[in-house]
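In what follows, a single structure is set out as structure tokens and then discussed.
Just so you know, all these numbers are worked out from the coordinates, no wet-lab data involved. Source: prediction; values computed, not measured. Because the Cβ atoms are built from the backbone with ideal geometry, glycine has one as well, and the counts that use them run over all protein chains shown.
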Amino acid sequence: MKIILKNILIFVFIFIVDLNAQTRKFTKEDKHALKNLELKESTIGLTQSEYIELVKLYSKENSLYKSLIIIENILENIESGDDKKTLALLYNIKAQNLIDLNKIEEGVSFCDRIVPKMEQNESPYIEEICLRCGMLYNLNKQYKKALVFFKKIKKGYIKTSSPYFNYYGQVLVNNNLYDKALVFLKKGVDVSTSKNELEFISLNLTNIARMYIQKEQWNKAKDYIDSAGKSLKHSRYYVRHRKIWLETYYIYFLYQNRFGEARNVLRRVEVENNSRYDLEIQQKIKELNAVNSRKKRLTKKVTVINDSMKVVHNKKLKTYVILISLILFLTSWTLLKIYKNVQLKYKKVVNEQELLSSQMTPHFIFNSLSILQGMLLNRERTKAIEYIKKFSNILKSTVKEKSQKYISIKNEIKLLQDYVDIQNLSTSKNINFTIEIGNDVNTDHSIPAMILQPFIENAIIHGFKKEIKNPAIQLSLKLINEELICIISDNGVGYSIGEKPRKNQEKTSLATQIVKERLTILSRKLNRNFSVEIRNLQYKDKRGTEVLLNLPYHNNNFKKYA
């Protein structure tokens, strides 16, 4: 019998919560404001703050399903923002609505999700949500957890309110703290009376009567039952609360074994159950009709908005397509123009080099034949044979590499060696030409043709134009960071300190300038940094000139550019 009474007390608690939803009085001003917001929503739409106001008004009107629908629609957007106060307010309204609609399991799941987050973020209204979640855990028979949540409440205005005394009293009952529960329930009656919140009076008196029934203090129980019956007229849920009052009378008679009187009350309870059931059915139908009406209105509005957005989207899409096409066309045209200019400049450089080569070849042949003639007249047969051998190698290589425009490193070195040897045979300079090649340099790899020869020629013609003791040219090839570095140095006359080599000076020939331009263009095409730098070794307390080249070097990958 005690267990039955405890279960009924829990049932009463559901309706205390339901009654609490109605203490938020819906005034004429609220009705007018609600009408205006609904009209605005159906025409031009509402802002976020206006939707929040609509949620509050629907809750006060007890249109709880409507309130929940809007909360679900706007909650995700607010959760992603920084407005903690508005978010906490919506959480509290949603929790109260779930209580009032008796959606206990959904409410408990909701509390499990949001309370840890609110505590971590130190959100406002955290104690208000503890009150409501404590109620939900109590209704879900998680009595210990409900008690923990109520003990978190410290704010004075909450702890002196009618709902707090009434709800906490029920939690204490379910945790078997009956004496303390009775104190809180009586305090709830006093506070409700002083604040003229008469909707609470009947239920509080009924619950106190049940406590005295459990204590078997029949006279006190009868007094509180009678007082509860007199207070029913103030309840806005008369049918529901009258049923609870009759059930209490039934328990009162049943505990005293007054079965005849208990049976008579039970018949009246059945009548009240039917009335309450009919009332709830009517309320559900009304609520569903209202929700369906709202859904149709919003669907129509969304359809209009979607149609408008499609038109705008199509216009924007066409504009974007035209704009992107124009940008692509202009970009392609600009890149093509740049490419053609680079190609034209490169062809010009190559043509100049070919022209120089074509001019050099007859001149070189004429001079070489004249030197050879002199050797024969002087009966220098051995020297002449060696000269002819070197001379033929140079002619053969020049004709071959001229058409291909690139040359392997080993062939370039052989060509340079033959060229220096011919110069030594034809003059008395006896230039010492030394070559150093790093171990990591692959001599089968290629470099652009006619890159090194102009600098060797400059060293011989201009560096050794005066009599130099032990003239020497050194060629060094090495790889640094996968780049081929070539250093050509001589111990010739160099150039005066403070004098900078210019294009028109003898020290720098036209061929040298063409090589520089060619390397600049290759740098752009291959996206590398090829360069030529000429240094005067007099600055380093030496004598002569040093040429530093950073050259293209690969297994013929750059052939199409060379």
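Before moving on, here are some points about what is shown:
- Pair K31, D190: separation of 7 Å Cα→Cβ label points (nm): 3.8 nm
- Percent breakdown of C-alpha pair distances by 10 Å bin, ordered from the shortest bin, for region 75-141: 23, 56, 20, 1
- Residues K429 and L376, FRET efficiency given R0 of 22 Å [Cβ-Cβ distance, rounded to 0.05]: 0.55
- In terms of packing, defined here as the mean over residues of other Cβ atoms within 10 angstrom, the peptides 406-414, 460-468, 332-340, 437-445 line up highest first as 406-414, 460-468, 437-445, 332-340.
- Restraint check, K84/K144; K56/K233; K152/K180; K141/K187; K94/K187, Cα-Cα greater than 22 Å: K84/K144; K56/K233; K141/K187; K94/K187
- With the simple spin-label model, which puts each label point 7 Å out from Cα in the Cβ direction, the D112 to N470 separation comes to 9.5 nm.
- Maximal additional length on extending the E105-H234 stretch stands at 43.3 nm, based on 0.36 nm per residue less the C-alpha distance.
- Legend: distances between Cα atoms for K396/K429; K28/K103; K145/K215; K195/K230; K66/K145; K60/K145; pairs beyond 20 Å are K396/K429; K28/K103; K145/K215; K66/K145; K60/K145.
- Cα→Cβ-extended label distance, 7 Å offset, between N527 and L75, nm: 5.2 nm
- Reachable aspartates and glutamates from K389, criterion Cα separation under 12 angstrom, eight or more residues apart if same chain: D418, D421
- Per principal axis, descending, Cα span of region 24-159 in whole Å: 49, 30, 29
- Net length gained if the chain between S325 and N289 were fully extended (0.36 nm per residue, minus Cα distance): 7.7 nm
- Residues W333 and I461, FRET efficiency given R0 of 56 Å [Cβ-Cβ distance, rounded to 0.05]: 0.75
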